[in-house]
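As structure tokens, the structure follows; a few thoughts come after it.
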């Protein structure tokens, strides 16, 4: 999972860098040729996009730096954390949900991703298989039982064997 996220971020940085260094200067140049920059919507749009791309690249580079510092060997092998695949039972409505705990930038709700920073992610963080956890959601408190847990260290160990 860690490598997949790094690859995704790297691909986005590469695409944005191409846009920043090749596509946007071309758009800005064409907009300048149109004349009066004070009322030139294309020029303003290109400059705004340029600023957004610069900020996004900075954010992604910071995320890559943070990911590089994650040491899987330091992660508890039996507690919910980044990369954990969790099967939980909602005790109030008697339903089972499958989630993967991910960083906030790479949530895919259709794939069952939950951000570490979300209420569910925070509520599950540090819990063990078989434990009941009380989670404060915007709609009220919910109680979940962790039915199955596969931590990132466990997943990586399974791939090696």
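With the structure loaded, tell me whether residue 49 is in a helix (DSSP H, G or I) and modelled with pLDDT under 85 or whether it fails that test. In short, no. Scan the stretch 117-161 residue by residue and report those that are closer than 17 Å to residue 4 by Cβ and surrounded by 18 or more Cβ atoms within 10 Å (Cβ to Cβ). Within the stretch 117-161, 151, 152, 153 qualify. Here residue 27 passes the criteria (1) more than 28 Å from residue 10 (Cα to Cα); (2) part of a helix (DSSP H, G or I) except the one numbered (1).
Among the residues of the stretch 81-108, those identified as without any contact (Cβ under 8 Å) to a residue 24 or more places away in the chain and under 21 Å from residue 60 (Cβ atoms) are 104, 107, 108.
When 28, 9 are checked against the criterion of being closer than 30 Å to residue 154 by Cα, surrounded by 13 or more Cβ atoms within 10 Å (Cβ to Cβ) and in contact with a helix residue (DSSP H, G or I) (Cβ under 6 Å, 6 or more places away or on another chain), a single residue qualifies: 9. Of all residues in the stretch 12-24, those satisfying the criterion of being more than 30 Å from residue 71 (Cβ to Cβ) and surrounded by fewer than 13 Cβ atoms within 10 Å (Cβ to Cβ) are 18, 21, 22.
The values are calculated or read from the model by the stated rules, or taken from the named source; none is laboratory data. On a predicted model such as this, the values are computed, not experimentally measured, just so you know. As a convention, Cβ positions derive from the backbone with ideal geometry for all residues, glycine included, and neighbour counts pool all protein chains shown.
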